[in-house]
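Have a look at the structure below before the remarks.
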Amino acid sequence: MKRVLVIAYYFPPLGMGGVRRVVNFCRYLPKFGWSPLVLTVKPIRYFAYDRELVKEVKCKIHRSESADPLRMMRILGIGKKFGKVRRQSQGLSNFLFIPDNKIGWLPFAVNKGIRLIKDTNVIFSTAPPYTSLLVGWALKKISGAPLVVEFRDPWPYWSYPTLFHKWINEWLKRKVINVSDAIISINEPIKTSLQSIVHSSQSTFVIPAGWSPDDFQDKTEKSDRFTIVYTGSFIPPRTPKYFLKALSKLIAEEKIKSEDIKVELIGFSVGAIHELPLREWGLDKIVEIESYRSHRYCVEQLKRADLLWVMIDEIEKGASTGKIGEYLGARKPILATVPEGPCANIIRETESGIVVPPRNIEAIKEAIYDFYSKFKKGKLESPPEDKVKEYSWVELTKKLAQILDNLTIEKSRKNVDK
């Protein structure tokens, strides 16, 4: 079995969508002849943990030391109120560290990687953080092994604080792209943003977010109430207020009875979500707000739901969200309050729901009522199975494996030519 060195700073027991993506690649690569070897960081201070994900990882994991702030906070036992510290320090962090505040991991990860790369055929480096790509770049230069880099977000994710920061980041990005043998992005807008620095001889691919068939095998009993579930972060500018205002109007107009409906908002949140006037809007007995929960718990709630809600704010044009893959796996209708872009395209392509502008309260109100009416009549329809199958992590990992296969074949051919 061939081996791939997976460079991923974020890895279990940490949580969030980017972590689950890497876990699922590692979970299914052996099906296609690849054994993943993970290079990650030792325990850090973080805001979202999912220790149940560790059980899904069957590959070898190697953790290196780091001098980055999150590792130092963990060692020194400080920053336990991490969310508050993170908000207060983000601007300073962007100014002090290039390309990101994980740069202190670079020398330790490279040192560990030099020993690991001897036993691997290909390097796969996923970002953010973009320091992970620099680790991959250094190991590629040292070993000559084929390098695949993945962009889960655009580089930069945050705006540059100065022109100097922009220049040095763009220089580093070009360095990484120039030595990469294949470039993966999670959507077309990110792929397009890289085209100006990608050589014609380099291969670029899009592998979107997916769902694991193993997670959706068992059925779950549903509530008698019309249940709407949202799983994911509410980090500004994302906010539930437009959706909740639309629902409030439906309750006030008595188009929906409050005892007939339930809304569950599950995930990490920043800002005033807990200060929303739910009682004033008549939603205090309808809306449940929960903090970040394990992936397994969220999957169970998706399976119990009647309608799944996904939102991306209108100023986030070109953005994707990892939750859309698992929404498809749950095979429940989706209300997408998102701008035109990758997420809206997936909803339409899979015939899995309705897309409305994220701040258009009247359009959201109409969509909620449409789904509610179908629920009352017993006519809510699941997305077509054949449409969502291609978004399973099995199929998506197969694409990654084919990329890795092609690179090893190409390298073998070059060695023969020599």
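The values are calculated or read from the model by the stated rules, or taken from the named source; none is laboratory data. Note that the structure is predicted; figures quoted are calculated from it, not measured. Note: ideal-geometry Cβ built from the backbone for every residue, glycine included; neighbour counts use all protein chains shown.
Assorted remarks:
- Applying the criterion of being touching a Phe, Trp or Tyr at 6+ places or on another chain (Cβ under 7 Å) and more than 26 Å from Arg27 (Cβ to Cβ) to the residues of the stretch 60-91, the residue that is modelled with the highest pLDDT is Glu65.
- From Ser392, Ser412, residue being over 22 Å from the mean Cα position of the chain (by Cα) and either in the same structural domain as Cys26 (by TED's automatic domain parsing) or of a type in the set (S, T, N, Q) (or both): Ser412
- Residues being touching a helix residue (DSSP H, G or I) at 6+ places or on another chain (Cβ under 7 Å) and either in the same structural domain as Lys332 (by TED's automatic domain parsing) or of a type in the set (A, V, I, L, M) (or both) - total across the stretch 396-409: 2
Each row is one residue, and each column tells you yes or no for (1) modelled with pLDDT of 95 or more; (2) among the acidic types (Asp, Glu).
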{"residue": "Arg348", "(1), (2)": "yes, no"}
{"residue": "Asn360", "(1), (2)": "yes, no"}
{"residue": "Ile364", "(1), (2)": "yes, no"}
{"residue": "Gly378", "(1), (2)": "no, no"}
{"residue": "Trp393", "(1), (2)": "yes, no"}
{"residue": "Lys399", "(1), (2)": "yes, no"}
{"residue": "Gln402", "(1), (2)": "yes, no"}
{"residue": "Asp405", "(1), (2)": "yes, yes"}
{"residue": "Arg413", "(1), (2)": "no, no"}
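- Failed condition for Leu247, given (1) touching a residue at least 24 places away in the same chain (Cβ under 8 Å); (2) not assigned by TED's automatic domain parsing to the domain that holds Asp284: (2)
- Any hit, the stretch 262-271, residues being at pLDDT below 95, β-branched (Val, Ile, Thr) and surrounded by fewer than 18 Cβ atoms within 10 Å (Cβ to Cβ): yes
- Top-ranked residue of the stretch 286-322 - restricted to ones that are within 19 Å of the chain's Cα centre (by Cα) and among the basic types (Lys, Arg), ranked as farthest from Lys55 (Cα to Cα): Lys317
- Filter result (farther than 30 Å from Tyr369 by Cβ, modelled with pLDDT of 90 or more and assigned to a strand (DSSP E or B)) within the stretch 197-230: Thr204, Phe205, Val206
- Leu335, sole failed condition from (1) of a type outside the set (S, T, N, Q); (2) assigned to a loop (DSSP other than H, G, I, E, B); (3) closer than 23 Å to Pro357 by Cβ: (2)
- Among the criteria (1) over 24 Å from Leu328 (Cβ atoms); (2) part of a helix (DSSP H, G or I), the one Arg359 does not fulfil is (2).
- Restricting the first member to the stretch 25-52 and to residues that are over 30 Å from Ile409 (Cβ atoms), and the second to residues that are basic (Lys, Arg), the beta-carbon pairs closer than 6 Å and six or more apart or on different chains are Lys42/Arg63; Pro43/Arg74; Ile44/Arg71; Ile44/Arg74; Arg45/Arg74; Glu52/Arg296.
- Boolean, Val388 is of a type in the set (Val, Ile, Thr) and touching a Pro at 6+ places or on another chain (Cβ under 8 Å): no
- The residues of the stretch 202-226 that are of a type in the set (Ser, Thr, Tyr) and in contact (Cβ under 8 Å) with a residue 40 or more places away in the chain, listed by number, are Ser203, Ser212, Thr220, Ser223.
- Residue match in the stretch 290-304 (condition: among the polar types (S, T, N, Q), touching a strand residue (DSSP E or B) at 6+ places or on another chain (Cβ under 6 Å) and in a helix (DSSP H, G or I)): yes
- Leu283 touching a Ser or Thr at 6+ places or on another chain (Cβ under 9 Å), closer than 27 Å to Glu52 by Cβ and surrounded by 19 or more Cβ atoms within 10 Å (Cβ to Cβ): no
Okay, residues lined up against (1) part of a helix (DSSP H, G or I); (2) in contact with a Phe, Trp or Tyr (Cβ under 7 Å, 6 or more places away or on another chain); (3) assigned by TED's automatic domain parsing to the domain that holds Arg20:
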residue: Thr126; (1), (2), (3): no, no, yes
residue: Trp137; (1), (2), (3): yes, no, yes
residue: Val149; (1), (2), (3): no, no, yes
residue: Asp153; (1), (2), (3): no, no, yes
residue: Tyr160; (1), (2), (3): no, no, yes
residue: Ile168; (1), (2), (3): yes, no, yes
residue: Trp171; (1), (2), (3): yes, no, yes
residue: Ile184; (1), (2), (3): no, yes, yes
residue: Gln195; (1), (2), (3): yes, no, yes
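- In the stretch 153-181, the residues that are in contact (Cβ under 8 Å) with a residue 60 or more places away in the chain form no Cβ pair under 7 Å with any partner that is of a type in the set (Lys, Arg) and in a loop (DSSP other than H, G, I, E, B), whether six or more places apart or across chains.
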